[in-house]
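Working notes, structure below.
The values are calculated or read from the model by the stated rules, or taken from the named source; none is laboratory data. Not measured: the values here are computed from a predicted model. Note: ideal-geometry Cβ built from the backbone for every residue, glycine included; neighbour counts use all protein chains shown.
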Amino acid sequence: MPGEENTEQEQHTAARSRRRFPGLSSRAYEHPADRSALVALRKLSGFDTVFKALSGLIPERSLRLLFLSDSVRVSDEQFPHLHDMLRDACYILDMPKVPAMYVTQDPKPNAMCVGLDEPVIVLTTGLVELLDEEEMRAVVGHEAGHALSGHAVYRTVLLFLTTLAVRVSWIPLGSVAVMAIVTALREWFRKSELSADRAGLLVGQDVHASMRGLMKLAGGNHLHEMNVDAFLRQAEEYEAGGDLRDSVLKILNVLPRSHPFTTVRAAELKRWSQSRDFQRLMDGHYPRREEDKDASVTDAFRESAASYAETVRTSADPLMKLVGGATDRIRRGFGGE
């Protein structure tokens, strides 16, 4: 089903007052590494042509028919509370259309936003049954953020290429080539998940609910047995612990994943919620969509580089310390400050 027009008649305000962001550009919440990649892709000459050619190979129509035939479409008549959440999210982010959303039978808690022409949001029954209203609101906002950023297109391509890699695994060079692209897309997509977590916080505007949702994804529906502060300390231990061998194992563990580890996502979101950028955004100071065409690729890459440099500088990970020390020595060798 095509996305609904987000008209005044269809805008539902949440149970409590939440700030709205008229004309919000996705650049306002995108992680620097995610944003620089997207800006570069959007500016790349011929990129749209390549993607249109590739889209002919991706069975998007079949995907939509599958959801229609074997999932439940969210509407005023089916899962109306989720429909209200979706319209709230699109209203808060000032999205021109409300994407179609489906609930599909799957005990594993998960959500995704896919599609080339029109984004489609899919929630599993495991997720719907796991989260409370405010936690689910953050997840719906997370997926709406994917749609606003245009992530659905690249996620669909990633899913297609992952399947293709399996099918051509018997071709040595073909498999290597496809997996190289898949690995690069996964690295980008992990950063895009951090962006979408931020969008979820903008929609829910309740950092505790966002934290609870991430904890439940890690440990199930046992909140009485879990503690946010202890969960965040796990992230600190993960990021700082061990020696160089552990640093290498971390890289190997995350390579096949499309999502960052849950404790890392929680720590990243907590840091952003306490940042000056977040406060300025909540105060109404943020980039508008009308300014997107003037976005500078150079500035985006500069912000991304600064973000990575700050990560390396502040990280307690042994490998990151080694990289940071080497970078400083190289800069001093070239007369840098």
**Complete:** The one condition residue 308 fails out of (1) modelled with pLDDT under 65; (2) in a helix (DSSP H, G or I); (3) more than 14 Å from residue 194 (Cβ to Cβ) is (3)
**Request:** Output the residues belonging to the range 101-121 that are within 18 Å of the chain's Cα centre (by Cα) and over 20 Å from residue 262 (Cβ atoms).
**Result:** 101, 114, 115, 116, 118, 119, 120, 121
**Prompt:** Do any helices (runs of 4 or more DSSP H) entirely within the range 44-135 hold 1 or more residues that are touching an Asp or Glu at 6+ places or on another chain (Cβ under 9 Å), at pLDDT 90 or above and surrounded by 18 or more Cβ atoms within 10 Å (Cβ to Cβ), and if so, which?
**Reply:** 80-92, 125-130
